[in-house]
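The values are calculated or read from the model by the stated rules, or taken from the named source; none is laboratory data. Everything numeric here is computed off the predicted structure, so don't read it as measured data. Glycine also receives a Cβ, built like all others from the backbone with ideal geometry; neighbour counts cover every protein chain displayed.
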Amino acid sequence: MGSRVEVERRSVMDHPPRVRALKRMLGVVADGMDPVVDLWRPYVDGLDNLPADGRVLLVGNHTQMGSAETFLIPYAVRRQLGVRVRPLADRQFAQMRGLPSDLMAAYGGVIGAPETARELMQHDQTVLVFPGGGREIPKFKGEEYTLRWQGRSGFARVAIENGYPIVPVGLVGGDDVYKPLTPRDSAWGRFSQAMSTRFGGRDDMAIPLLRGVGPTLIPRPERMYLRFGVPIDATTPVGVDAGGWAEWVKRHTQRELERILDDLLGLREADPYRGLNPLSWSRAAQPESA
């Protein structure tokens with residue numbers, strides 16, 4: 001019997017009836033989400049940078065909990081282009097079974113392996129990847145909106161191999177829903193890393209101490225700021241070493257995404273509606289094209 005990744009690769013474009021039924025249900029839900037999303041008034045710009053055919057590799061940043069960007073990026077693309085985004089999930093999610101696994105597949109998610117990414121690109125799918133993976137989600141104090149891409153250049157190699165343009169897409173707001181209380185090198189951080197290593201085999205999934213509204217875990221009301229950057233042509237120039245080019249594309253994509261995050265943080269700082277204060281609705285920052 002093949003590994004979970006092998007099974008995922010074989011079924012990346014073909015799902016069993018139960019998953020297809022969930023996919024149709026999620027499609028109906030997504031079609032009715034516009035009024036709900038508009039109520040929260042997320043800031044979204046750069047949609048004109050998306051190729052009209054949807055053939056693109058979106059490269060994003062993970063925020064605390066990993067939920068805002070996982071929902072808002074596919075939602076914005078679907079609303080703009082009418083296409084389904086296929087997120088590449090951390091290999092850790094390969095351990096999921098039953099309904100959670102079916103829901104991930106129905107949503108479009110696949111295990112983030114080179115084989116599955118290549119197959120999606122061979123079918124001209126819109127692909128979304130977070131190179132930091134699951135380790136970029138748990139943020140300790142001082143790590144907000146930082147990218148943890150050490151050694152992660154596989155997305156660049158796959159884009160180059162398949163002639164896929166890369167669009168960096170940054171989200172700000174998700175790291176402020178909860179406030180981390182301690183840095184990674186604190187007593188709690190060291191303890192949490194030790195527990196992560198003991199029970200999960202890796203220390204980069206340590207869990208920070210967080211708080212939301214006041215001393216509680218109620219999420220803070222925060223506006224989300226999303227920007228799609230200028231496409232990056234991953235075509236290898238004539239005479240350039242393939243390995244070196246992949247590393248350059250990775251570094252360039254990371255720099256562009258970090259620049260987007262810095263710009264959005266500045267925009268957010270000056271936005272009176274950043275805390276979703278209804279009294280500031282009329283003065284909320286708007287995209288230039290709005």
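Consider GLU247 against the criteria (1) at pLDDT 95 or above; (2) acidic (Asp, Glu); (3) more than 20 Å from VAL172 (Cα to Cα): it satisfies all of them except one. Which criterion is unmet?
So GLU247 meets the others, but not (1).
Any chance the range 241-264 includes a residue that's over 19 Å from PRO165 (Cα atoms) and of a type in the set (Ser, Thr, Tyr)?
Scanning the range 241-264 turns up no residue that is over 19 Å from PRO165 (Cα atoms) and of a type in the set (Ser, Thr, Tyr).
Of all residues in the range 232-271, count the ones that are of a type in the set (D, E, K, R), touching a residue at least 60 places away in the same chain (Cβ under 8 Å) and over 14 Å from THR146 (Cα atoms).
The total comes to 5.
Can you name every residue in the range 29-51 that is in a loop (DSSP other than H, G, I, E, B) and either modelled with pLDDT under 95 or touching a strand residue (DSSP E or B) at 6+ places or on another chain (Cβ under 7 Å) (or both)? Working first, answer last.
As a first pass, look at the range 29-51 and keep what is in a loop (DSSP other than H, G, I, E, B): 32-33, 41-42, 46, 50-51.
If the condition is that a residue be in a loop (DSSP other than H, G, I, E, B) and either modelled with pLDDT under 95 or touching a strand residue (DSSP E or B) at 6+ places or on another chain (Cβ under 7 Å) (or both), then GLY32, MET33, ARG41, PRO42, GLY46, LEU50 are the ones that fit.
Would you mention how many residues in the range 262-282 are farther than 16 Å from ASP175 by Cβ and under 22 Å from the mean Cα position of the chain (by Cα)?
Total meeting the criteria: 0.
Tell me which residues, restricted to the range 49-60, are of a type outside the set (Val, Ile, Thr) and either in contact with a Phe, Trp or Tyr (Cβ under 8 Å, 6 or more places away or on another chain) or under 25 Å from ARG148 (Cα atoms) (or both).
Result: ASN49, LEU50, ARG55, LEU57, LEU58, GLY60.
Please go through the range 269-288 and pick out each residue that is surrounded by fewer than 12 Cβ atoms within 10 Å (Cβ to Cβ), assigned to a loop (DSSP other than H, G, I, E, B) and at pLDDT 95 or above.
Listed by number, the list holds a single entry, ALA270.
Looking at the range 222-263 only, could you name the residues that are in contact with a strand residue (DSSP E or B) (Cβ under 7 Å, 6 or more places away or on another chain) and assigned to a loop (DSSP other than H, G, I, E, B)?
Selection gives ARG223, MET224, GLY229, PRO231, ALA234.
Going by the conditions given, is GLY112 under 24 Å from LEU171 (Cα atoms) and at pLDDT below 65?
In short, no.
How many of the residues making up the range 45-72 are in contact with a Gly (Cβ under 6 Å, 6 or more places away or on another chain) and of a type in the set (Val, Ile, Thr)?
1
Residues to consider are PRO219, PRO215, PRO208; find the one that is touching a Lys or Arg at 6+ places or on another chain (Cβ under 9 Å) and either modelled with pLDDT under 95 or part of a helix (DSSP H, G or I) (or both).
Answer to the selection: PRO208.
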